[in-house]
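Trainee: The structure under discussion is supplied below as structure tokens; questions concerning it will follow.
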Amino acid sequence: MEVSAMASKSVMDLMEASSGVHFSGFHMDALKQRIKDIEAPTTSATENMHKQPFVIGVAGGAASGKTTVCDMIIQQLHDQRVVLVNQDSFYHDLNEEELRRVHEYNFDHPDAFDTEQLLCVMEKLKHGQAVDIPNYDFKSYKNMFPARRINPSDVILLEGILIFHDPRVRESMNMKIFVDTDADVRLARRIRRDTSEKGRDIGAVLDQYSKFVKPAFDDFILPTKKYADIIIPRGGDNHVAIDLIVQHIRTKLGQHDLCKIYPNLYVIQSTFQIRGMHTLIRDSQTTKHDFVFYADRLIRLVVEHGLGHLPFTEKQVMTPTGSVYTGVDFCKRLCGVSVIRSGESMENALRACCKGIKIGKILIHREGDNGQHLIYEKLPTDISERHVLLLDPILGTGNSAVQAISLLLKKGVPESNIIFLNLISAPQGVHVVCKCFPRIKIVTSEIEIGLNKDFRVIPGMGEFGDRYFGTDDDDQQVVAAPCQ
């Protein structure tokens, strides 16, 4: 991603000028400007994002079974609000000249559709507005009244042969499905449908297929198959694939909406136990002892979840009963990096999960109001060859996270090898980090409402380091790194 490359290069160029191995001081103006260029959503904007539906695109050749697949998804998602939008509703009206030569008109070409109107409709639906869908008549080849009214829904199914062709339409989708059906089956279905439903003779259907349908499929539809997240062979006959898709949709609907926007963001599933622990550590009256106890429990859950995203290899072992058990082997090349000092609260949980793990440290400290940051780092010399668990309990503005990640990239750590673990995350920080570094993974236990005017996380839990280590405000000014 270009933004990521620019932000990383900015830090790298600045660090080149520093001769210190473990301590360097430099101005972070360039990096701060990169972060400002990425407009983080305000609290109100984040609240609006929570209302956005889950959009699923279903593409494939004519008569491939797209509508059948959509109907089966709708049937299984009966407890959710689901609407179906057909690309066929957005054909251009034919003028008099086109009507006179309708048999020479290519209805399978991208130019046959009013894509701008489709985009407008999808934009309104995504922002919670009811829309009127055109009612296209395939006998008069014009939009007829009344239009079909569609209300905002939890799930929008957008179906059509060319919905993956325009990148703007593709970008509006959270999931892209391509229904892949044999050409002979599609032709047989088309003949049966057009002769019975549209009153055409077989000769006209075959003529249209050879002149327009097949060439359009080869030129415009089949090339979009590469954009699909899921390919369903045999269409509606593939019940296993559709069951898995519905299960995935239900999982996504239960997630925070930011997880739909950023696939590299993971929020551990909330339970009453987790909710209860959050209640205790957020309570300003909770004692230090209880705060540490329940914070440690939550941190352990986050660490365990983060470890689940590491690569693994299959391993077979012999059990005491003499049986063979096929399991997996842990990732060997691993280390932790804590952002001093709040991140150090997460080290014990990581050590408890990973015996003998190496842990490096990064200090990001704001010095006065001159915009200068001092960065101290003590990292394993072979960190570039390891997967890195970056530890910081609070993700607020994202500034400190961006600086820490940029430093790791400078040390040669591949972006995809970094997993950022924290207890709570503000949407603004998630937005900044995911935009700058789309290949890292963020694992958190809860997404917050946002930031207040002082850039503090709300509802938040206060200064985590002070509450965890029992230090006062005077101590914070000497040793604490801002929880950002």
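The values are calculated or read from the model by the stated rules, or taken from the named source; none is laboratory data. What you are looking at is a predicted structure, and each value in this text was computed from that prediction instead of being measured. Please note: Cβ atoms are built from the backbone with ideal geometry, for glycine as well, and neighbour counts cover all protein chains shown.
Trainee: Just checking, how many residues over region 226-241 are in contact (Cβ under 8 Å) with a residue 60 or more places away in the chain, over 19 Å from Asp71 (Cβ atoms) and not aliphatic (A, V, I, L, M)?
Mentor: Going through region 226-241 one residue at a time, the tally reaches 1.
Trainee: Which one is surrounded by the most Cβ atoms within 10 Å (Cβ to Cβ), of the residues in region 180-227 that are farther than 23 Å from Asp111 by Cβ and touching a strand residue (DSSP E or B) at 6+ places or on another chain (Cβ under 8 Å)?
Mentor: Looking at residues that are farther than 23 Å from Asp111 by Cβ and touching a strand residue (DSSP E or B) at 6+ places or on another chain (Cβ under 8 Å), I get Thr181.
Conditions (1) surrounded by fewer than 13 Cβ atoms within 10 Å (Cβ to Cβ); (2) over 25 Å from Arg200 (Cβ atoms); (3) touching a Ser or Thr at 6+ places or on another chain (Cβ under 7 Å); (4) in the same structural domain as Gly57 (by TED's automatic domain parsing), marked per residue:
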| residue | (1), (2), (3), (4) |
| --- | --- |
| His103 | yes, no, no, yes |
| Glu116 | yes, yes, no, yes |
| Gly128 | no, yes, no, yes |
| Lys142 | no, no, no, yes |
| Arg149 | yes, yes, no, yes |
| Pro167 | yes, yes, no, yes |
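Trainee: Quickly run through region 228-247 and pick out the residues that are exposed (fewer than 15 other Cβ atoms within 10 Å of the Cβ) and among the polar types (S, T, N, Q).
Mentor: Gln247
So that you can scan it fast, the table gives a plain yes or no per residue for (1) of a type outside the set (Asp, Glu); (2) more than 30 Å from Ile232 (Cα to Cα); (3) surrounded by fewer than 19 Cβ atoms within 10 Å (Cβ to Cβ); (4) at pLDDT below 85:
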{"site": "Asn264", "(1), (2), (3), (4)": "yes, no, no, no"}
{"site": "Ser270", "(1), (2), (3), (4)": "yes, yes, yes, yes"}
{"site": "Arg275", "(1), (2), (3), (4)": "yes, yes, yes, no"}
{"site": "Asp296", "(1), (2), (3), (4)": "no, yes, yes, no"}
{"site": "Val302", "(1), (2), (3), (4)": "yes, yes, no, no"}
{"site": "Glu314", "(1), (2), (3), (4)": "no, no, yes, no"}
{"site": "Thr326", "(1), (2), (3), (4)": "yes, no, yes, no"}
{"site": "Cys331", "(1), (2), (3), (4)": "yes, yes, yes, yes"}
{"site": "Gly336", "(1), (2), (3), (4)": "yes, yes, no, no"}
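Trainee: Residue under question is Leu244, and the condition is that it be over 29 Å from Met175 (Cβ atoms) and either out of contact with any Ser or Thr (no Cβ under 6 Å at 6 or more places or on another chain) or free of Cβ contacts under 8 Å to residues at least 24 places away in the same chain (or both); does it hold?
Mentor: no
Trainee: Could you check region 252-273 and list, in sequence order, the residues that are without any contact (Cβ under 8 Å) to a residue 40 or more places away in the chain, under 12 Å from Glu446 (Cα atoms) and not in a helix (DSSP H, G or I)?
Mentor: Hits for region 252-273 are Gln255, Gln269, Thr271.
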